[in-house]
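The values are calculated or read from the model by the stated rules, or taken from the named source; none is laboratory data. Quantities reported herein were computed from a predicted structural model and do not represent experimental measurements. Cβ: placed from backbone, ideal geometry, glycine included. Neighbour counts: every protein chain shown. Ligands, DNA and RNA are stripped out before the accessible areas are found, and what is left, the full protein with its side chains, is counted by its heavy atoms. Shrake-Rupley method; radii C 1.70, N 1.55, O 1.52, S 1.80 Å.
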Amino acid sequence: MLGDILARLTDETTAVEMLLGTGDLPLLAAARDQAAAEGLDLTACVTQTVQRYAATASDEEWVTLMGMMNRTQNPSAICLQRAFAYARQRPL
């Protein structure tokens, strides 16, 4: 799933579409703010946030993510929401 998300992140339009696909407009705004704060374009910010989540999330977080993804019609949205929530809790 994470590989699919990262593979689809090829340009800013796709990144915006993926974030809009979560149905969480504040997430899009937060992602844009985070990108600006880090001096990145939105695509790089989303990619790095998901990669950081994949590399540093605890086993408990992974179990939670997998359970949530199994109960939704939009697992990508859940993954992006969790990755950004995790990043807000653990800034660089």
Pairwise centroid distance, computed over Cα atoms, of the range 52-78 with the range 1-48, Å: 17
Contour excess over end-to-end distance, with Cα ends at THR56 and ASP24 and 0.36 nm allotted per residue: 9.1 nm
Surface per residue (accessible, 1.4 Å probe) for the chain, Å²: 56
0 to 90° range, to nearest 10: angle between helix 75-89 axis and the chain longest Cα axis: 70
Peptides 24-31, 55-62 ordered by average Cβ neighbours within 10 Å, highest first: 24-31, 55-62
Stretch gain in nm, segment LEU40-MET68, where the contour uses 0.36 nm per residue and the Cα spacing is subtracted: 7.2 nm
Accessible area of THR14 in the full protein assembly, 1.4 Å probe (Å², nearest 10): 30
MRE, 222 nm, helices only [DSSP H, n ≥ 4, -39500 (n - 2.57), over the chain, to nearest 500]: -24500 deg cm²/dmol
Helix axis angle, 25-38 relative to the chain longest principal axis, alpha carbon, degrees: 60
Normalised per residue, the volume of the convex hull around the Cα set of the chain (Å³): 86
Computed magnitude of the charge dipole of the chain (debye, nearest 20; Cβ of K, R +1, Cβ of D, E -1): 180
